[in-house]
1. Can you give the % of DSSP beta bridges in the chain that are antiparallel, to the nearest 5?
2. Listing 85, 36, 65 from the residue with the fewest other Cβ atoms within 10 Å to the one with the most, what is the order?
3. For the chain, what is Rg from Cα atoms divided by 2.2 N^0.38 Å, rounded to two decimals?
4. Specify the inter-centroid distance of segment 129-159 and segment 88-125, based on alpha-carbon positions, in whole Å.
5. For the residues 129, 21, what sequence is obtained by ranking on other C-beta atoms within 10 Å, fewest first?
6. For the residues 161, 64, 24, 149, what sequence is obtained by ranking on other C-beta atoms within 10 Å, fewest first?
Ligand code: SAH
């Protein structure tokens, strides 16, 4: 099905609901909401969000809303994708980034255009496989995907310049903070007493600093993998 969507995108590039003008409107809206990173805004402008959602929802692809992607999961709101990306990039260029929660692969695709290499894990096999196919079709070859539980981090001893978690966690998973390189940044939605907030964790010489950024709305980070 994504194949068909991709071919349609090729044919219809530049018209109607996925036109350059429709995308420009989204970029304007993100700027109005306080997104300032030009690189982030350009990556969002260049990413065909309509290919990451169900065809029936394509007309809503460039609205600033979260949308269903099946399996009770959602593609994040563009504002949220932009804000988290901008927070990761704030401290300078990034070589390696780990994402927990590939989902549709949209946030992965945005980051792939901005960093040297993006690694992403997803616990739902069907979402993992669909994202792998689409990111390959989009020729984003600096992406490595794994079907695994992100609570354990990336399954090697690798360290990352930045880690982004796109599902809400009730704790700060140790295996993720451990995989942060020195001066590395982790952006994660943390849920406490039913309230979620975006949290920025930075690894310093002596330990970690934590900063609450703003309220957030994410699906929960769960445990284990499903096919
Ligand atoms: N970044 C995604 C957001 C998808 S929603 C996008 O742009 O579309 C969050 C995703 O996190 C879901 O696909 C969910 O299955 C996944 N997830 C939740 N807990 C997880 C875990 N422990 N490990 C890996 N993925 C997880």
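Here, each number is a calculation from the coordinates, and none is a lab measurement. Every value quoted in this text rests on a predicted model; they were computed, and no experiment measured them. Backbone-built Cβ (ideal geometry, glycine too); neighbour counts: all protein chains shown.
1. Percentage antiparallel, nearest 5: 45.
2. Fewest-to-most ranking of 85, 36, 65: 36, 65, 85.
3. Here the Cα radius of gyration is 0.96 times the empirical estimate.
4. Measuring centre to centre over Cα atoms gives 9 Å.
5. 21, 129
6. Ordered by Cβ neighbours within 10 Å, fewest first: 24, 64, 149, 161.
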